[in-house]
Amino acid sequence: MADRLLIVEDNRDILASVVDYLEIKGFEVDAIENGQAARALIQAHPYDLVVLDIGLPGMDGFTLCKELRERDRNPLPVIMLTARDAVEDRLLGFEAGADDYLVKPFALPELHQRIKAVLKRSQRNFERVLRVGELSLDTASRQVHRSAQPIKLDRKGFALLELLMKQWPDVVSHEDLNHALWGDEPPDSAALKSHIYRLRQAVDGPFDSPMIRNVAGTGYTLVTDAQ
């Protein structure tokens, strides 16, 4: 069965070209030009992914994306599509809950590849409760436990641990960890190290055996007693 997409874009020329291209690529595609109308469609239909412009009539993309995330704790993927190239706007998009961010003008094959990548991550990461050794992470309630002991994490710490658990036992690269926190515009490397340090303090600090391991020159991974 083809993946079903919703394209929300108020530029009719862009909308038509995106819809035509993605239908040729085998997707089932609905299209709408208004944010409020898009919200109604999302509530009525089981979409697999939304491509969402920011500057929309009725309701802007930031507001709609944030509302979707607050309403549904296991939400459908969202790719922001916008003419705004400022770092601040990209950060606002990710803060609102976007999974990816594409700046106009863009090549249709690039949009296609990003859609495939986000869908793949979404389908692979559908499981609600992640477990690695003594660790458990509930993606819906956002609760984390190690050996039944609750662990409090801030938003970025939760995002880092979730990615490490989803990719376990693989090593997650510095690049992927940075992208999970800041998208395509990460700050200097010290910022990631600072968040990893705080995550280690929370996850490993109270216990005898550390689970977060640095792989020199590559990234980080989780280890268990069985490894």
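Data table
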{"quantity": "Whole-angstrom gap from the range 181-200 to the range 1-18, using each part's C-alpha centre", "calculated": "34 Å"}
{"quantity": "Among His45, His195, His145: highest mean-square fluctuation, GNM of the chain, C-alpha pairs under 10 Å", "calculated": "His45"}
{"quantity": "Relative counts (whole %) of C-alpha pair distances in the chain, using bins that are 5 Å wide", "calculated": "1, 6, 14, 17, 17, 15, 11, 8, 6, 3, 1, 0"}
{"quantity": "0 to 90° range, to nearest 10: angle between helix 155-167 axis and the chain longest Cα axis", "calculated": "80 degrees"}
{"quantity": "Long-range HN-HN contacts of Gln143 with modeled amide H, under 5 Å", "calculated": "Asp138"}
{"quantity": "For the range 114-120, 3J(HN,Hα) per residue [Karplus equation, 6.51 cos²θ - 1.76 cosθ + 1.60, θ = phi - 60°, Hz, x = Gly/Pro]", "calculated": "5, 4, 4, 5, 5, 4, 5"}
{"quantity": "Highest-first arrangement of 101-114, 51-64, where packing means the average Cβ count within 10 Å", "calculated": "51-64, 101-114"}
{"quantity": "Amide H contacts under 5 Å for Ala31, placed H, 5+ residues apart", "calculated": "Ile7"}
{"quantity": "Label-point separation, Ala37 to Arg4 (7 Å along Cα→Cβ), nm", "calculated": "1.8 nm"}
{"quantity": "From phi via Karplus (6.51, -1.76, 1.60), per-residue ³J(HN,Hα) for the range 135-143 in Hz, x at Gly/Pro", "calculated": "8, 9, 9, 9, 6, 8, 7, 6, 9"}
{"quantity": "Gain upon complete extension [Leu108, Arg198; 0.36 nm per residue less C-alpha separation]", "calculated": "28.4 nm"}
{"quantity": "Given Lys166/Lys193; Lys120/Lys152; Lys120/Lys156; Lys25/Lys156; Lys156/Lys193, the pairs whose alpha carbons are separated by over 24 Å", "calculated": "Lys120/Lys152; Lys25/Lys156"}
{"quantity": "Percentage relative contact order, the chain, counting C-alpha pairs under 8 Å, at least six apart", "calculated": "13 percent"}
{"quantity": "Charge context of Ile79, other residues only, Cβ under 9 angstrom, K/R +1, D/E -1", "calculated": "-1"}
{"quantity": "Share antiparallel - DSSP beta bridges, the range 41-185, percent rounded to 5", "calculated": "60 percent"}
{"quantity": "J(HN,Hα) series, the range 171-176, from Karplus relation 6.51 cos²θ - 1.76 cosθ + 1.60, nearest Hz, glycine and proline x", "calculated": "7, 9, 5, 4, 4, 5"}
{"quantity": "Segment Asn11-Lys152, length gained on full extension (0.36 nm per residue, minus Cα span)", "calculated": "46.4 nm"}
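Coordinate-derived values only; no laboratory data. All of these numbers come straight from a predicted model, not from anything done at the bench. Virtual Cβ from ideal backbone geometry, glycine too; neighbours counted across all protein chains shown.
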